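Report on one structure; see the data block that follows.
The values are calculated or read from the model by the stated rules, or taken from the named source; none is laboratory data. All values reported here derive from a predicted model rather than from experimental measurement. Neighbour counts run over all protein chains shown; Cβ positions are idealised from the backbone, glycine included. Just the protein is used for accessible areas: all its heavy atoms, side chains included, with ligands, DNA and RNA removed. Shrake-Rupley method; radii C 1.70, N 1.55, O 1.52, S 1.80 Å.
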Amino acid sequence: EKEEKEEKTAEGNEEKQEEVKEEKEDARKDKKEEIKEEKEGKEVKEGSAEKEDAPGEKKDSDDDAEAEKEAKARKADLEMPAGADEESSMADRQATQVAEVLKAQEESEEKVGKASGISGKELREMKEQVKEMFDWNRAWYPIAPLEYLNADAPNAVKLLGKRMVLWCSNQEKNLWHAALDACPHRMAPLSIGSIKDGCLKCRYHGWTFSTAGSCVAVPMAQNGKEEARMCALSRSSLTTFPVQVKQGLVWIFPYLGPDVETVSKRSGPCVTPECEGTEWVMTTAP
């Protein structure tokens, strides 16, 4: 019995030691967690403090940039060359004059609008619509002075992105003609061809075209009947443009519509009496 009591006492002591050990381990873990939480809280506080300080730093940098900008402006004023003030004042005067002209135009538009029964605003809107509707191809353009063109051979010119061939069928009457610079047979440039009896002849296969653009000769045809058939085809004709000679200049109407003859007659080249007999000079030949 005595031994049993001693064994039970020993077991009880061991259990107590285990409990004490567990309590110490739990206390150690709790302490580590508290230290970790305190560390994280400190970092969060430091981050928020930095964020609070950031606007101040940004403000300081903005102030520095503004001060630097003002310093550069003062330096530029000091280094301004003589006469710059006069140029500036001249520019101001010109701006004022432009504003006065625009104001006068608006007033005149208002007067015209009242006379016609519409407001000045409506009149300005109508003008803008007309500008949008304007077709650059429905106008006459001076392509070159007569002195710059070769009346004995085709001339290659370019207008509004269109490659054209320009040739003279009658030098005494100054009759000039224009067409797209491409033979309908193999698209060879007609500007490297020749002129035969006032007609334009292709250098590649000898196809020949009249001043109206219709095909009049196909040397490769087997007989006259075959040649007539080929010449009558619509695809064998050239795309031509109206041409006029005014005040020593050759003018072209680069419109491609089917009603080109009718449209071109609605207007004419912009000529003035003061330009009669003028000797024209071109810095760059077309």
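For the reader, a short list of remarks on this structure follows.
- Note on Leu256 and Asn150: their simple-model spin labels are 2.7 nm apart, each label 7 Å out from Cα toward Cβ.
- Shown here: the stretch 168-286, whose C-alpha atoms stretch 56, 29, 26 Å along the first, second and third principal axes, sorted largest to smallest.
- Among the trypsin sites (Lys or Arg not before Pro) in the stretch 143-179, those placed in a DSSP loop whose Cβ has at most 11 other Cβ atoms within 10 Å are Lys173.
- Carbon plus sulfur fraction of accessible area for the stretch 140-286, probe 1.4 Å, in percent: 50
- Förster radius 45 Å - calculated FRET efficiency between Glu40 and Thr9, Cβ distance, rounded to 0.05: 0.45
- Leu160/Ala232 FRET efficiency (R0 41 Å; Cβ-Cβ; nearest 0.05): 0.85
- The modelled label-to-label distance between Glu107 and Lys225, using points 7 Å beyond Cα along the C-beta direction, is 8.1 nm.
- If R0 equals 51 Å, the separation of the Cβ atoms of Thr283 and Ala65 corresponds to a calculated FRET efficiency of about 0.55.
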